[in-house]
Each structure stands twice: as structure tokens, then as C-alpha cells.
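K.L.:
Quick one: structure below, then a few questions.
The values are calculated or read from the model by the stated rules, or taken from the named source; none is laboratory data. Only a predicted model underlies this, so the values are computations on that prediction, with no experimental measurement involved. FYI the Cβ positions are ideal-geometry reconstructions off the backbone, even for glycines, and counts take in every protein chain you see.
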Amino acid sequence: MFSKIKLILVILAAGLFISAGCVQPRTQRENPTHSTADEVRLNIVATTTMLADLTKVIGGEYVKINGLMGPGIDPHLYQASAGDVTLMQDADVVVYNGLHLEGKMGDIFESLKTQGSAVICIEDGLEEAKLLRAEDDPDVHDPHIWFDVTLWQDAAGVLAQGLTEIDAAHAEIYLSNLERYLTELDELDNYIRERAAEVPEGQRVLVTAHDAFNYFGKAYGFEVRGLQGISTDSEAGTSDVSSLADFITTRKIKAIFVESSVPPKTIEALRAAVKAKGFDTAIGGELYSDSLGGENSGAGTYILTCKANIDTIVDALK
């Protein structure tokens, strides 16, 4: 993890330069949207709810954000509409996760880069050594980086670096917002670690609908099992359900979890399979996996979502 000071110094030492492939200079739109206060505001489209929230935090009053995917939307399966494509083409900046999270939109991002649109791809600014490989496909990186708060700090640095290149006039503001947010994320990381410590080590087993929580498990000391692979595009077969049911029964795992962006039927089928083997495991609650919570959920920001997740996990397993 970059420390707060180191991360900001790296951005400054880079001369506000973004490597090729991460941010492409804008050529089609030279005049960003203006606010009523006549301040220049960047019109930004962010793909996921996590990135929309991050962009709002780092950009502050100098950005106008359009989130492409709403709460509960699965980015693995999301297919952009014609209206989405137009929205991205008309934007000053498009921000996306990469690592094949937005798996059905890859061609669109490449087209935007070819057209000279400004694009910030979080993947391109992360250290590969920090990325996990998918267990079901070792040639693919796991895209669920936000579940390790320290990696999300790195993502915040990538975004801030991109915004300073595109809008150098407000670079100082973006870096100030980054510094403040890194402190908040340090506090969040400590909160998750303190809550995780409430669960006895042998009971720290997290079973979910798909393999989204490996970064979380590595960072906070949980063994993680997902019924589906890292992408919900894959299907869990009967043998997958039976094998995981055996594991739950043998380890006597108290609770398993549904996810907000995945239909609950797979976890319900898993619970039924466990019960058929003579053990009753509870559904411990709903976790936010590939999106943040909705406006009235109490989990509408990244920080609130992470707190809601760890509270649900710990309260069900301890």
C-alpha cells in the first residue's frame, strides 16, 4: 500500500503525467461543461457505483458525475445501451475499473480511446504484483479490488492522477481531496480489522454467491469460498453446489451470504443441499458485492458499504 504522503508525492513527481493507455487526451471536446457559477466542471461518466462514488469524492465540486450502473447492477453482465454509448462519447472523461470487470464493454472502451476520448482505466495504474489471479482461470486477474481498502487507496491515487492531467487547473484541489480521503480510508481499514478480530480465527470462513471476496479474505484474514467464479457470467453446476455443501457441513460453518447484485436462488439452493446432508447453516444476510447500496440503504457510499459488509459478516459468524 502507498502511504498517504508517498502516494501524493508520486503523483507530483510524475509531473502530472499519465502513462499511455491509462488516460487518453481529449481531442473531440475542448470545452468542459460549465456550472452556474461559471466554474469549469468536468462531465464524467463512471461505470460502477464504486467508481462514481470515488470520482465524486476526489473531483468534488469540479466534476459532474453520471454513473452508468445503478445499485444492484451486476457489472460482469452489463451490456451498454445505445444511450450509454452516446453518454460516454459526449463525456469529458470516462472512468472504468478494467480487469474485465465490465466484461461486455471492452470494445466500447477501446473505441473511445481510438477516438481520442479521455479515459481513465484504474487497472492501468495498479501494480500487477498486488493483483490476485482468479482461481478458476489463472490467466485472468480478479477485478474486485475495492474489497481491500488499501488497494482502493491505490485506485484513488490513480483517479486523482488522471484528473490532475486532464484538468491541471484544479490539480491542487484533487490532491487535497485525495489526501483527506486516504485518511478516511485508513480509518475504515482499521475499523474492518477491529471487527474481523471479533470472529475466532477458525470461524473466519466466508461463503458467498460468487468469488468476489478474495481480496477481502487476503487482507482481513478470512478463508473465502464462492459458489460461482469471479464472474457471474459463469454458472454453478450441481457438482459445485454439492462440493461446497460438503465443505460447509464438514467445517460446520454457521452462516452463508447472499449478494445484492446476484439472484439469491443459488445460495438458497446451497443451503438446501447443506440441510440435506444433515447440517443447518443460516443465511447470514446480504452483502454488497459488485455495487454499493442504494440511496436509502444506509450503504450508499464506499465507506458505508464496507462497514455494512463487515458488520453483517461478523454479526453472523462470531
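K.L.:
All but one of (1) surrounded by fewer than 23 Cβ atoms within 10 Å (Cβ to Cβ); (2) among the β-branched types (V, I, T); (3) more than 23 Å from H141 (Cβ to Cβ) hold for I313, so report the exception by its number.
P.N.:
Result: I313 passes all but (1).
K.L.:
Can you name the number of the only condition in (1) surrounded by 15 or more Cβ atoms within 10 Å (Cβ to Cβ); (2) more than 20 Å from the chain's Cα centre (by Cα); (3) assigned to a loop (DSSP other than H, G, I, E, B) that P143 fails?
P.N.:
Just one mismatch for P143, condition (2).
K.L.:
Cβ-Cβ under 6 Å, sequence separation 6+ or interchain: first residue in the stretch 202-216 and farther than 14 Å from A255 by Cβ, partner among the charged types (D, E, K, R). Which pairs?
P.N.:
Going by the 6 Å Cβ cut-off, the qualifying pairs are N214/D142; Y215/D148.
K.L.:
Identify all residues within the stretch 83-100 that are at pLDDT 95 or above and either in a loop (DSSP other than H, G, I, E, B) or within 24 Å of L131 (Cβ to Cβ) (or both); write none if there are none.
P.N.:
Scanning the stretch 83-100 gives A91, D92, V93, V94, V95, Y96, N97, G98, L99.
K.L.:
Would you mind finding the one in F216, F257 that is of a type outside the set (S, T, Y), under 19 Å from the mean Cα position of the chain (by Cα) and assigned to a strand (DSSP E or B)?
P.N.:
Matching residue, one of F216, F257: F257.
Here is a yes/no grid of residues against (1) among the hydrophobic types (A, V, I, L, M, F, W, C); (2) modelled with pLDDT of 95 or more; (3) buried (at least 18 other Cβ atoms within 10 Å of the Cβ):
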{"position": "G202", "(1), (2), (3)": "no, no, no"}
{"position": "D211", "(1), (2), (3)": "no, no, yes"}
{"position": "V224", "(1), (2), (3)": "yes, yes, yes"}
{"position": "L227", "(1), (2), (3)": "yes, no, yes"}
{"position": "A236", "(1), (2), (3)": "yes, no, yes"}
{"position": "F247", "(1), (2), (3)": "yes, yes, no"}
{"position": "T250", "(1), (2), (3)": "no, yes, no"}
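K.L.:
Give just the number: which of (1) under 18 Å from the mean Cα position of the chain (by Cα); (2) part of a helix (DSSP H, G or I); (3) not small (G, A, S) does K275 not satisfy?
P.N.:
Result: K275 passes all but (1).
K.L.:
Condition check: surrounded by 15 or more Cβ atoms within 10 Å (Cβ to Cβ) and among the basic types (K, R). Does K254 satisfy that?
P.N.:
Criteria met by K254.
K.L.:
Does the stretch 46-82 hold any residues that are surrounded by fewer than 19 Cβ atoms within 10 Å (Cβ to Cβ), assigned to a helix (DSSP H, G or I) and small (G, A, S), and which are they?
P.N.:
Once the filter is applied, which keeps residues that are surrounded by fewer than 19 Cβ atoms within 10 Å (Cβ to Cβ), assigned to a helix (DSSP H, G or I) and small (G, A, S), the stretch 46-82 yields G60, A82.
K.L.:
Of the conditions (1) charged (D, E, K, R); (2) in contact with a strand residue (DSSP E or B) (Cβ under 8 Å, 6 or more places away or on another chain); (3) not assigned by TED's automatic domain parsing to the domain that holds E295, D211 clears all except one; give me its number.
P.N.:
With respect to (1) charged (D, E, K, R); (2) in contact with a strand residue (DSSP E or B) (Cβ under 8 Å, 6 or more places away or on another chain); (3) not assigned by TED's automatic domain parsing to the domain that holds E295, D211 is out only on (3).
K.L.:
State which residue pairs qualify: first residue within 13 Å of E102 (Cβ to Cβ) and inside the stretch 75-87, second residue not in a loop (DSSP other than H, G, I, E, B) in any location, beta carbons under 6 Å apart, and separation of 6 or more residues or different chains.
P.N.:
Note: pairs meeting the criteria are A80/I108.
K.L.:
Which pairs have Cβ atoms under 9 Å, sit 6 or more apart or on different chains, and link a residue in the stretch 237-252 that is more than 20 Å from K265 (Cβ to Cβ) to one that is exposed (fewer than 13 other Cβ atoms within 10 Å of the Cβ) and at pLDDT below 95?
P.N.:
Listed pairs, sorted by first residue: R251/G202.
K.L.:
Separate question: If E198 satisfies every condition in (1) surrounded by fewer than 22 Cβ atoms within 10 Å (Cβ to Cβ); (2) within 16 Å of the chain's Cα centre (by Cα) but one, which is the exception?
P.N.:
Answer for E198: the failing condition is (2).
K.L.:
Go through D137, D142 for me and flag whichever is acidic (D, E) and touching a strand residue (DSSP E or B) at 6+ places or on another chain (Cβ under 6 Å).
P.N.:
Unique residue meeting the criteria: D142.
K.L.:
Separate question: Condition (residue is outside the structural domain of H144 (by TED's automatic domain parsing), under 30 Å from T55 (Cβ atoms) and either in contact with a Cys (Cβ under 6 Å, 6 or more places away or on another chain) or free of Cβ contacts under 8 Å to residues at least 24 places away in the same chain (or both)) applied to the stretch 266-284: is it met by at least one residue?
P.N.:
Scanning the stretch 266-284 turns up no residue that is outside the structural domain of H144 (by TED's automatic domain parsing), under 30 Å from T55 (Cβ atoms) and either in contact with a Cys (Cβ under 6 Å, 6 or more places away or on another chain) or free of Cβ contacts under 8 Å to residues at least 24 places away in the same chain (or both).
K.L.:
In addition: Could you list, in sequence order, the residues of the stretch 101-127 that are of a type in the set (D, E) and either without any contact (Cβ under 8 Å) to a residue 40 or more places away in the chain or part of a loop (DSSP other than H, G, I, E, B) (or both)?
P.N.:
Across the stretch 101-127, the qualifying residues are E102, D107, E110, E123, E127.
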